[in-house]
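Worksheet for the structure shown next.
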Amino acid sequence: MYALILAGGVGTRLWPRSRTTLPKQLLPLTGERTMVQATVDRILPIIPDEHIFFASNQEYAELIKSQLPNIPAQNIIQEPSAKHTASCIGLGAVHMQRLDPTAVMASLHADHFIVNEEGFRQALLAAEEVAKEGYLVTLGITPDKPETGYGYIKRGAQLGMYNDQAVYKIDQFLEKPNLPTAEKFLASGDYFWNSGIFIWQISTLMDAYSEYMPDLRRQFDQISQALSAGEPIEPIWAQIKPKSIDVGIMEQAQKTAVIPVDFGWNDVGSWLAIHEVADKDENGNANHKGESVVFDTTNSLIQNYSDRLIAVVGLDNVIIVDTGDALLVVNKDKAQDVKKVVNWLEENNRTDLL
């Protein structure tokens, strides 16, 4: 098996810690290791270094190399520009196909947090078996709450057991629901969060591009020819129209499968997610970074990356992040709105804080 780790995002909802020059996947937000390092650590027992690839942008390639010196430099693929996941994953597939046309690829994200790592690996091995039967496979996260921030997958008929994992045909992909609909999904037991983790044979994926995104498949063929000739791919890449792999292929393809999993997954998309996965004291507070004193405060996250003391008194359900040059204070229920601050900084040309 090969792995393609998508690592090009900026992580605007984790401002002010995540910046354009050092985004969340290159930071140690959930432990001692950075998120890209933790992602590689998680899969190394079943996928060797030489089979691990990264898709990122040119700005982050050197940082990834420095954090993961055992990954071959040529395996860090630099996208000329961001074009969404259909093109990003396909570019990785082009590189892998040149090495091993029969390979199975696991498409992963560099910013996921997983508690039960062995359970995750066993799910990948099950998915590899299913992928070898020509299926486009995804891992569906068993929901533990009526989440409205994720897309959902509805399972269909069971295909069988693979590596002791139940596998189902995919009946339907669904967009982010409202709360009443999410509550129905949770009660049903037939719906799972869309993790964005995919496993497929590269040949199966390329056939799917040919059928559902033929223009993009032709552009991949041109890119492959350019790589073989040592020519730049930028002129070809500039013509690609951005589209997600979900919309471009998975929602249209017929031979798709989902493996329901429950291994403690979080996509670490906001400070709320950081609080959810962090170790907390008896009052529900997490304050493991820097110096802080906390009194009469509950259910809060305090992250201090400055050289000054943070003192918190009498608050509940807040996030406080101090990076020395910027201070964020936000109610946990509004954690998704941190992006509004980033938008304001962009509009007011505060590039020094981006």
If I ask for residues that are in a helix (DSSP H, G or I), surrounded by 13 or more Cβ atoms within 10 Å (Cβ to Cβ) and not acidic (Asp, Glu), which ones from the range 59-78 would you list? TYR60, ALA61, LEU63, ILE64, LYS65, GLN67, ASN75
Filtering the range 116-137 down to residues that are of a type outside the set (D, E, K, R) and in contact with a helix residue (DSSP H, G or I) (Cβ under 8 Å, 6 or more places away or on another chain), which residue is surrounded by the fewest Cβ atoms within 10 Å (Cβ to Cβ)? GLY134
If only one of SER270, SER203 is modelled with pLDDT under 95 and not charged (D, E, K, R), which one is it? SER270
Any residue in the range 56-71 that is over 16 Å from the mean Cα position of the chain (by Cα) and within 23 Å of VAL330 (Cα to Cα)? no
Residue within the range 88-100 that is farther than 25 Å from ASN163 by Cα, assigned to a strand (DSSP E or B) and either of a type in the set (Gly, Ala, Ser) or modelled with pLDDT of 95 or more (or both) present: no
Residue in the range 179-191 that is in contact with a helix residue (DSSP H, G or I) (Cβ under 9 Å, 6 or more places away or on another chain) and modelled with pLDDT of 95 or more present: yes
Residue pairs qualifying under the 6 Å Cβ cut-off, at least six apart or on distinct chains, with the first in the range 33-44 being basic (Lys, Arg) and the second being surrounded by fewer than 20 Cβ atoms within 10 Å (Cβ to Cβ), are ARG42/GLU117
I'd like to verify a number: residues in the range 157-166 that are in contact with a strand residue (DSSP E or B) (Cβ under 7 Å, 6 or more places away or on another chain), surrounded by 15 or more Cβ atoms within 10 Å (Cβ to Cβ) and of a type outside the set (A, V, I, L, M, F, W, C), how many? 1
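Can you tell me which of ILE64, ILE114, ILE77, ILE89 is in contact with a Lys or Arg (Cβ under 7 Å, 6 or more places away or on another chain) and in the same structural domain as GLU129 (by TED's automatic domain parsing)?
Of the residues listed, the single one that is in contact with a Lys or Arg (Cβ under 7 Å, 6 or more places away or on another chain) and in the same structural domain as GLU129 (by TED's automatic domain parsing) is ILE114.
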Quick check: is even one residue across the range 264-286 assigned to a strand (DSSP E or B), in contact with a Lys or Arg (Cβ under 9 Å, 6 or more places away or on another chain) and outside the structural domain of LEU186 (by TED's automatic domain parsing)? yes
Count, please, the residues in the range 6-47 that happen to be in a loop (DSSP other than H, G, I, E, B), closer than 9 Å to ALA110 by Cβ and touching a Ser or Thr at 6+ places or on another chain (Cβ under 7 Å). 2
Would you mind finding the one in GLY151, GLY140 that is within 21 Å of the chain's Cα centre (by Cα), surrounded by 19 or more Cβ atoms within 10 Å (Cβ to Cβ) and either over 16 Å from ALA93 (Cα atoms) or free of Cβ contacts under 8 Å to residues at least 60 places away in the same chain (or both)? GLY140
Output the residues belonging to the range 291-348 that are closer than 30 Å to GLY149 by Cα, aromatic (Phe, Trp, Tyr) and free of Cβ contacts under 8 Å to residues at least 60 places away in the same chain. TRP344
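The values are calculated or read from the model by the stated rules, or taken from the named source; none is laboratory data. Note that this is a predicted model, so its numbers are computed, not measured. Methodologically, a virtual Cβ is constructed for each residue, glycine included, from the backbone with ideal geometry; neighbour enumeration extends over all protein chains shown.
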